[in-house]
Amino acid sequence: MAEQVFNNARLLVGRFDIGGKSNRIAMKYSADVKETTTFGSGGAKTKVAGLTDFDVSGGGLAEYGADLNDGALFGNVAVLDSPLTLCPNSGAAGLLAFFSPTVQGSYETLGPVGDVVPFSLDLHSRGTPLVRGTVLRDDLTAVTATGNGTGFQLGAVGANQRVYAALHVLSLTGSGSVVVKVRSAADNTFAGQTDRITFASAAAPASELLSAAGPVADTWWRVGFTVTGTPVATLVVVVGVK
Amino acid sequence: MAEMVLKNAFFSLNGVDLSSRLTKITIKYGAEVIETTAMSSTGAKTKVAGLTDFSVSPEFNQDYAAGSVDATVFPLIGGANVPVVIRPNNAVASPTNPQYSGSVVPGDYSPVDGTVGQLLKTGFTWEGSGLLVRATS
């Protein structure tokens, strides 16, 4: 992958896909810088990194209607631990995703007469690390039956690391529910696979972010679905290790 | 050597050569200026140099490939100080191609920052810790 023109992005906030009407996104990931200079520092200031933090800001065009971005973002202000997933790409399975629980600090909209109605928002860290991960399942194909997704070799989880996963159920029609799991295995046959994360059963659009402690020696990962009834669910699952 | 146009600078962070994505590099090096003015007949302030300090500010075309900008920088945030090496030319250090090296604190970084249609870019200013060394060989 080389340099890229910023033509496509997925911004999932809770159970809503905001990216389709967004036209600017900025994520800042930072650590406090703390001075440690002493008499033994050789005449130069010395420093170390302290606590980390991140913020996401963005904007685009407002839409009004059931389950569209104005209502979604208005209702998400001050909601704690709303999972955020940001993909600087199409969000297809196998591509890069940044994700973490957030709190939305603001939502701003409307403007001067004659302008296309804009929106802007900002989201902030809740203390869980910002994870650089991979889209394990995209929403290009709906989930309608029990089964498994495509496997990806994403690596093992160290003893002092955790595997994190976020689920965004963007729509669920029909009658029934789906339980989504994140599974790992030693190779791409997934023989003897192990369920590492199990999300709550979803019978309606929802979102959740969970984690599990390492170590996990398995390097292959995929999603699994257990479907009850006849739901038609479009969902996104992202996973990463930190 | 006469003046030079910056065409082929070398930049490595934590041992990873990111020169091919580098679009701008700035080193700021200085010392605190501490006033020592006392009662005297000169009528002018007097000062001395105190602790030295430096910062490094690279700018890149963002690249999410393994081993490139984002994969190198993201994991460093909040962690241990890392080495940085900079030369005006991507050639061995020499009197006409000095090498600047030191340790920097991984303080902040924007993995994604852009408007639709723009070339994705990123950059940061990381503060140094300890001495900035200038070598000519």
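More than 8 Å from chain B (Cβ to nearest Cβ), farther than 26 Å from B:GLY102 by Cβ, in contact (Cβ under 8 Å) with a residue 24 or more places away in the chain and open to solvent by 30 Å² or more (accessible area, probe 1.4 Å): is that true of A:GLY65 in this structure?
no
In this structure, does B:SER103 turn out to be open to solvent by 40 Å² or more (accessible area, probe 1.4 Å), farther than 28 Å from A:GLY19 by Cα and assigned to a strand (DSSP E or B)?
Here the answer is yes, as B:SER103 does meet what is asked.
Go through (1) within 14 Å of chain B (Cβ to nearest Cβ); (2) over 17 Å from the mean Cα position of the chain (by Cα) and name the single condition A:GLY71 misses.
(1)
Filter the stretch A:192-214 down to residues that are free of Cβ contacts under 8 Å to residues at least 40 places away in the same chain, surrounded by fewer than 18 Cβ atoms within 10 Å (Cβ to Cβ), assigned to a strand (DSSP E or B) and not polar (S, T, N, Q), then give me how many there are.
Result for the stretch A:192-214: 1.
For the stretch B:49-90, which positions are in a loop (DSSP other than H, G, I, E, B), surrounded by fewer than 18 Cβ atoms within 10 Å (Cβ to Cβ) and touching a helix residue (DSSP H, G or I) at 6+ places or on another chain (Cβ under 9 Å)?
Answer for the stretch B:49-90, where residues must be in a loop (DSSP other than H, G, I, E, B), surrounded by fewer than 18 Cβ atoms within 10 Å (Cβ to Cβ) and touching a helix residue (DSSP H, G or I) at 6+ places or on another chain (Cβ under 9 Å): B:ALA65, B:ASN90.
Taking the criterion of being in contact with a helix residue (DSSP H, G or I) (Cβ under 7 Å, 6 or more places away or on another chain), more than 9 Å from chain B (Cβ to nearest Cβ) and buried (at least 21 other Cβ atoms within 10 Å of the Cβ), would at least one residue in the stretch A:20-42 satisfy it?
No - not one qualifying residue is present in the stretch A:20-42.
Which is among the hydroxyl-bearing types (Ser, Thr, Tyr), touching a residue at least 12 places away in the same chain (Cβ under 8 Å) and more than 9 Å from chain A (Cβ to nearest Cβ), of B:THR42, B:THR125, B:THR37?
Checking each option against the conditions leaves just B:THR125.
Tell me whether the stretch A:151-166 contains one or more residues that are within 23 Å of A:ARG10 (Cβ to Cβ), over 16 Å from the mean Cα position of the chain (by Cα), among the aromatic types (Phe, Trp, Tyr) and not in a loop (DSSP other than H, G, I, E, B).
yes
Looking only at residues that are more than 18 Å from A:TYR107 (Cα to Cα) and buried (at least 21 other Cβ atoms within 10 Å of the Cβ) in the stretch A:1-17, which one is farthest from the other protein chains (Cβ to nearest Cβ)?
Ranking the candidates gives A:ARG10 first.
The values are calculated or read from the model by the stated rules, or taken from the named source; none is laboratory data. These numbers come from a predicted model, not from an experiment. As a convention, Cβ positions derive from the backbone with ideal geometry for all residues, glycine included, and neighbour counts pool all protein chains shown. Protein only, heavy atoms only, side chains kept; ligands, DNA and RNA dropped before computing areas. Shrake-Rupley method; radii C 1.70, N 1.55, O 1.52, S 1.80 Å.
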